[in-house]
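See below for the structure under consideration.
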Amino acid sequence: MQFEISPIDKAPITDDELVGLLSLVYVDGGFTPPDLARTLFTPSTVRKRGILFTARNTQNDSLAGMIIVVPPTSNARVIAKNNECEMHLLGVKPEFRSFGVGRLLVEEILMFSKENNWPKMILWTQENMFAAQRLYESCGFVRKGGMSRNDIDFFIYERVST
């Protein structure tokens, strides 16, 4: 199976696809309560965070995953400072998780952040998202502490551009 990773200006994502993916990954996955998801995952709120990148199956153009890079100019940044960016809402549909889609998405936005001269990328992940933590660490992210947000505990990771 092959996937194309693109910013949404080149490969648009519909509101239904966006909400469906985030609900499937975060709500159905047990990471985000449905009432909180109704607020956090409204399409306009998600789209305002930053630059969305999608992964689509090249055989049938179906959405496989998404990720957001939150630039230094975005009010959606939570931890990043000055010229740093953040990674938000990595999500891959379960049927595509064994094909490296998450890694492709992470690598794409790392390259994008480097091209934009953002020296550091920050992310946070829930303490029970073990597969995500393994992926981030294998991509060079280092755990730098923790925080609590919306009554959920998170590990904070960062990666300095090389």
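Any read-out appearing in this document is the output of simple, stated calculations on the displayed coordinates, not a laboratory observation. These numbers were taken from a predicted model, which means no experiment stands behind them. Using ideal geometry, Cβ is built from the backbone for each residue, glycine included, and neighbour counts are taken over all protein chains shown.
In nm, to one decimal, how far is the modelled label at SER98 from the one at ARG134, with both set 7 Å along Cα→Cβ? The modelled label-to-label distance comes out at 1.3 nm. Which entry in (i) 103; (ii) 159; (iii) 111 matches volume of the Cα convex hull per residue in Å³ derived from the coordinates of this structure? It is the value labelled (iii). A simple spin-label model places pseudo-atoms 7 Å from Cα toward Cβ; at LYS120 and ASN83 they are separated by 1.3 nm. Per-residue ellipticity at 222 nm computed for the chain from its helices equals -8000 deg cm²/dmol, with DSSP H segments shorter than 4 residues left out and the rest contributing -39,500 (n - 2.57).
Kirkwood radius for the range 73-126, taken over all pairs of different Cα atoms as the inverse mean of 1/r, rounds to 12.3 Å.
Any chance you could run the full-extension gain for THR73 through ARG149? It's 0.36 nm times the residue separation minus the Cα-Cα distance, nm to one decimal. Numbers along the way, then the final one.
On the way: separation 76, 0.36 × 76 = 27.36 nm, distance 2.15 nm.
That works out to 25.2 nm of additional length.
Inter-label distance, ALA11 to THR42: 2.8 nm, where each label sits 7 Å from its Cα along the C-beta direction. Sequence neighbours fewer than 8 away in the same chain don't count; with that in mind, list the aspartates and glutamates whose C-alpha is under 18 Å from LYS120. Output for LYS120: GLU84, GLU86, GLU107, GLU108, GLU137, GLU158. Shape class of the range 1-87 from the alpha-carbon gyration tensor: oblate, with a/c at 1.5 or above and b/c at least as large as a/b.
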